[in-house]
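The values are calculated or read from the model by the stated rules, or taken from the named source; none is laboratory data. Everything numeric here is computed off the predicted structure, so don't read it as measured data. Ideal geometry is used to build each Cβ from the backbone, glycine not excepted, and the neighbour counts take in all protein chains shown.
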Amino acid sequence: MNIAAARSRRRFLKTSALCLAGGFLPAGRTTAALAEPAAPFKPKLSAHIWVYASKFPPNYDPTPALAQAFSDLHQARFDGVEIMDVVLRHDDAVDRLKRLVDQYEIPVSGASYQGAMWDAAQHDAIMADAAVVIKRLGQLHGKTLGISVGDARHPKTEAEFDAQARVLKGILALCADNGVQANLHNHTYEVRDNLHDLKGTLARIPDIKLGPDLNWLVRAGVDPVWFIQTYGHQMVYMHIRDQYQDGKWTEFVGQGVTDFPAIAAALRQVNFRGRAAIELAYERDFVPRYTLAQDWTLSRDYVTTIFGW
């Protein structure tokens, strides 16, 4: 066979192989379509440490229990630990937390932050405090800050909403400067009374990202499925907790009556691409049946089963 014929044969064989691979695909499709389908979205799942903090009233500073928290959450295979602002106010917080991150191989994924943001008289103190907390969170490579705006104990006025929006914008800027994704977190007070507080903020900062606590929505009489369908386009975070029929918190997620399959379906419907955290909470005088490490594991396994995470 001469050189020209050999080259022609090689071209034929190459073309035939491509045809065999792609000839049965619909018009316009290529062999790339034969690749494995993309894996479904799987958000990073963290755990918020309130259940440890709740043992330390009145300041609810879980610093003495941080080693136990990291150990428990490492055993339960969580992707991260969501801490609280009070932890980051300690001058040695960054070094302490870095040691725990290295020891238990689980990162600080974010933090929660709360202040009386509707009260203009407190703005200077809030901004000074937030600057410290957010800078330290950034040094730990934390990704999220869940912001609670404070309960005025009355329906906030238009002037109070204006003040609240001003300080929120300052905190959002601090987060952006430190590589942290801010989100507006809720308890009951932000979402009761037809979402009065939340709507007051959204009227002034329409594009603020949201990180709802689904159980606080339920306790405020708000359907979490409706909330996700309505506001899911700006959700970047959420907290997951469960409760029994009588409204009391369960020991672990999956024991109660919360319709998590419907919630999971709603998240898929809005193409949720954020992060999530399980937050355990016990009623006063509740005596757990299991250890916290076991409760975290049971909760994590349930969420994995229902949400596919």
Every residue in the range 166-212 that is farther than 28 Å from GLN139 by Cβ, among the small types (Gly, Ala, Ser) and either free of Cβ contacts under 8 Å to residues at least 12 places away in the same chain or surrounded by 15 or more Cβ atoms within 10 Å (Cβ to Cβ) (or both), please. GLY200
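Each row is one residue, and each column tells you yes or no for (1) assigned by TED's automatic domain parsing to the domain that holds CYS175; (2) buried (at least 21 other Cβ atoms within 10 Å of the Cβ); (3) at pLDDT 95 or above; (4) closer than 25 Å to GLN114 by Cα.
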| site | (1), (2), (3), (4) |
| --- | --- |
| LEU13 | no, no, no, no |
| LEU20 | no, no, no, no |
| GLY23 | no, no, no, no |
| GLY28 | no, no, no, no |
| PRO40 | no, no, no, no |
| TRP50 | yes, no, yes, yes |
| ALA67 | yes, no, yes, yes |
| VAL81 | yes, yes, yes, yes |
| HIS90 | yes, no, yes, yes |
Against the condition modelled with pLDDT of 95 or more, under 24 Å from PHE70 (Cα atoms) and aromatic (Phe, Trp, Tyr), how does TYR113 come out, does it pass? yes
Could you please give the count of residues in the range 100-132 that are part of a helix (DSSP H, G or I), out of contact with any helix residue (DSSP H, G or I) (no Cβ under 9 Å at 6 or more places or on another chain) and under 20 Å from ALA53 (Cα atoms)? 0
Among the numbered conditions (1) of a type in the set (A, V, I, L, M, F, W, C); (2) more than 15 Å from the chain's Cα centre (by Cα); (3) assigned to a loop (DSSP other than H, G, I, E, B), tell me where TRP309 comes up short. (2)
Contact list please: Cβ distance under 7 Å, first residue in the range 250-270 and within 14 Å of LEU214 (Cα to Cα) and at pLDDT below 95, second residue of a type in the set (S, T, N, Q) and surrounded by 14 or more Cβ atoms within 10 Å (Cβ to Cβ), pairs at least six apart or on different chains. none
Within the range 146-161, identify whether any single residue is in the same structural domain as LYS98 (by TED's automatic domain parsing), out of contact with any Asp or Glu (no Cβ under 9 Å at 6 or more places or on another chain) and in a helix (DSSP H, G or I), and answer yes or no. yes
Testing PRO155 on (1) surrounded by fewer than 16 Cβ atoms within 10 Å (Cβ to Cβ); (2) under 17 Å from the mean Cα position of the chain (by Cα), one condition comes back false. Which one is that? (2)
Is it fair to say ARG300 is assigned to a helix (DSSP H, G or I), touching a residue at least 24 places away in the same chain (Cβ under 8 Å) and within 26 Å of LEU145 (Cβ to Cβ)? yes
When the residues of the range 282-302 are filtered to those that are among the aliphatic types (A, V, I, L, M) and surrounded by fewer than 19 Cβ atoms within 10 Å (Cβ to Cβ), which remaining residue is farthest from PRO40 (Cα to Cα)? VAL287
Tell me which helices (runs of 4 or more DSSP H) are completely within the range 212-275 and hold 3 or more residues being under 20 Å from GLY146 (Cα atoms) and assigned by TED's automatic domain parsing to the domain that holds LEU198, or say none if there are none. 214-219, 224-231
Somewhere in the range 188-196, is a residue under 18 Å from LEU145 (Cα atoms) and either in a loop (DSSP other than H, G, I, E, B) or at pLDDT 95 or above (or both)? yes
